[in-house]
Amino acid sequence: MPMIEAALQDELRKQGVFITTLEDLYNWGRKNSVWPLQFGLACCAIEMMAASMARHDLARFGAEVFRPSPRQADLMIVAGTVTKKMAPQVVRLYNQMPEPKYVIAMGACAISGGPFKQGYNVLKGIDRYIPVDVHIPGCPPRPEALLHAFMTLQEKIDAQALSGPNRPRHMRADEPSEFPVPKFGDHDLEPPHNKSVWSPPGAAGQS
Amino acid sequence: MNATYSSELFIGIFLVLALLFALAPLVVARIWAGCFSPQKPGPDKNATYECGLESRQDASVQFRSEYYLYAILFLVFDVEVVFLLPFAVAFGQLSVGASLAMLVFVLLLVEGLAWAWMKGVLRWT
Ligand code: SF4
């Protein structure tokens, strides 16, 4: 429920009166200080490093502070091939991050298995186990693509409501903050995907 | 105008301000969590962070105190090398006194080595 319309707010700003809401202030602060987890899996991580260097300069978005511990990170950039051996660790790292937390799946491997999709040992997309906020296609995506994903994520954070029925997952007490960590089964990971976040294409709604 | 200030009062005020400065963010975070963002601890989140792997055993393991012998032995050779190299380089210009002092120093270290030898530390079994 907007307390004050955008037009009135604009008019007031022209007169030198600045009005904001707690929600806007909160989101403004959050979106400009997203701290990613320092976590690279394969070749895409090289592009992620390039994005944080001087030429592409991730610091312009307030996101240059790559944290070595999930306790201090808001964003997980899944940069590279997720092997089935690594998948439980990725999910556990995600679980260990404090809320609110976001995930960018970077590159063909992280979103679908990419060039290794037919392989027996590669997970066909990290979104089978954890909720992904932004997917970036490409093999590898250029740093500009990562920057674009960042801006998309910032827009998403900016639009998140603080209260009401549309508030995001981390604001709801009944929604989980941890997702089940898959186990090594006889032939595959058990379970092969988390039913609450992913269902096979074509089976939408059945889950 | 001519009020007299006691320095203890200032220290007291600063102490209170410093405490408030440190505590206020924690209190605000608590209130924020209560109003908007519910806390969601869980077994994974509360677990020890070990690069994503599950921790296998207790992290507080004990080391055998006998390892001090190896530490001493390492120190003997380490210190010896550090001092022997400049000694060898400057050997030609050294006075007799300096050479004698160096000899005493080396003998001290050799004594440590002999002591370790007698204790049987040099047997690596
Ligand atoms: S998407 Fe391409 S560049 Fe990225 S990790 Fe996979 S193979 Fe490497």
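Tabulated results
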quantity: Kirkwood-based shape ratio for the range B:1-81, expressed as Rg/Rh from alpha carbons; calculated: 1.32
quantity: Table column - 3J(HN,Hα) (Hz), the range B:101-114, Karplus curve with 6.51, -1.76, 1.60, x for Gly and Pro; calculated: 4, 5, 4, 4, 4, 5, 5, 4, 5, 4, 4, x, 5, 5
quantity: By average C-beta atoms within 10 angstrom, highest first, the peptides A:101-107, A:24-30; calculated: A:101-107, A:24-30
quantity: Sequence-separation-based contact order of the range A:1-131, relative, with Cα cut under 8 Å and 6+ spacing, percent; calculated: 21 percent
quantity: Volume per residue of the C-alpha convex hull in the range B:37-87, rounded to whole Å³; calculated: 173 Å³
quantity: Amide H partners (placed H, <5 Å) of A:Thr81, local residues excluded; calculated: A:Ala42, A:Cys43, A:Cys44
quantity: Karplus-derived 3J(HN,Hα), 6.51/-1.76/1.60, for each residue of the range A:183-192, Hz, glycine and proline x; calculated: 9, 7, x, 5, 10, 8, 6, 10, x, x
quantity: Chymotrypsin sites (Phe, Trp or Tyr not before Pro) within the range B:41-125, DSSP loop, no more than 10 other Cβ atoms inside 10 Å; calculated: B:Phe63, B:Trp124
quantity: Hydrodynamic radius (Kirkwood) for the range A:132-173, which is based on Cα pairs only, to one decimal in Å; calculated: 11.8 Å
quantity: Whether the range A:83-143 is rounded, prolate or oblate, judged on the alpha carbon gyration tensor where a/c under 1.5 counts as rounded; calculated: oblate
quantity: Cα-based reach from A:Lys195 at 15 Å (exclusive), listing aspartates and glutamates while leaving out same-chain residues under 8 positions away; calculated: A:Asp127, A:Glu175, A:Glu178
quantity: Value of relative contact order over the range A:77-207, rounded to a whole percent, pairs C-alpha under 8 Å and six or more apart; calculated: 26 percent
quantity: In Å, descending, principal axis extents of the Cα set of the range A:78-207; calculated: 44, 36, 31
quantity: Charged-residue dipole, Cβ positions (Lys, Arg, Asp, Glu), the protein assembly as shown about Cα centre, Debye nearest 20; calculated: 540 debye
quantity: Percent of C-alpha pairs per 10 Å bin, the range A:1-74, short to long; calculated: 16, 32, 21, 19, 11, 0
quantity: Where trypsin sites (Lys or Arg not before Pro) fall in DSSP loop in the range B:8-114, at most 15 other Cβ within 10 Å; calculated: B:Arg56, B:Arg64
quantity: Peptide-level mean, for A:85-92, of C-beta atoms on other protein chains within 10 Å; calculated: 3
quantity: For A:Leu75, residues with placed amide H under 5 Å, excluding near neighbours; calculated: A:Trp35, A:Leu37, A:Tyr102
quantity: Mean projected area (nm²) of the alpha-carbon convex hull when the range B:64-125 is viewed from all directions; calculated: 4.8 nm²
quantity: In Hz, Karplus ³J(HN,Hα) per residue of the range A:153-166 (6.51, -1.76, 1.60; θ = phi - 60°; x = Gly, Pro); calculated: 5, 5, 4, 5, 4, 4, 8, 7, 7, 7, 8, x, x, 8
quantity: Accessible surface of A:Thr81 - all protein chains present, 1.4 Å probe, nearest 10 Å²; calculated: 20 Å²
quantity: Value of [θ]222 nm, deg cm²/dmol, for the protein assembly as shown, DSSP H segments ≥ 4, -39500 (n - 2.57) each, nearest 500; calculated: -13500 deg cm²/dmol
quantity: In the range A:107-207, the chymotrypsin sites (Phe, Trp or Tyr not before Pro) that fall in loop regions by DSSP, at most 11 other Cβ within 10 Å; calculated: A:Tyr120
quantity: Principal semi-axes in Å for the protein assembly as shown [√(5λ), Cα gyration tensor, largest first]; calculated: 53, 36, 23
quantity: Shielding by partners - mean other protein chain Cβ count within 10 Å, residues of B:40-52; calculated: 6
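The values are calculated or read from the model by the stated rules, or taken from the named source; none is laboratory data. Source: prediction; values computed, not measured. Virtual Cβ from ideal backbone geometry, glycine too; neighbours counted across all protein chains shown. Just the protein is used for accessible areas: all its heavy atoms, side chains included, with ligands, DNA and RNA removed. Shrake-Rupley method; radii C 1.70, N 1.55, O 1.52, S 1.80 Å.
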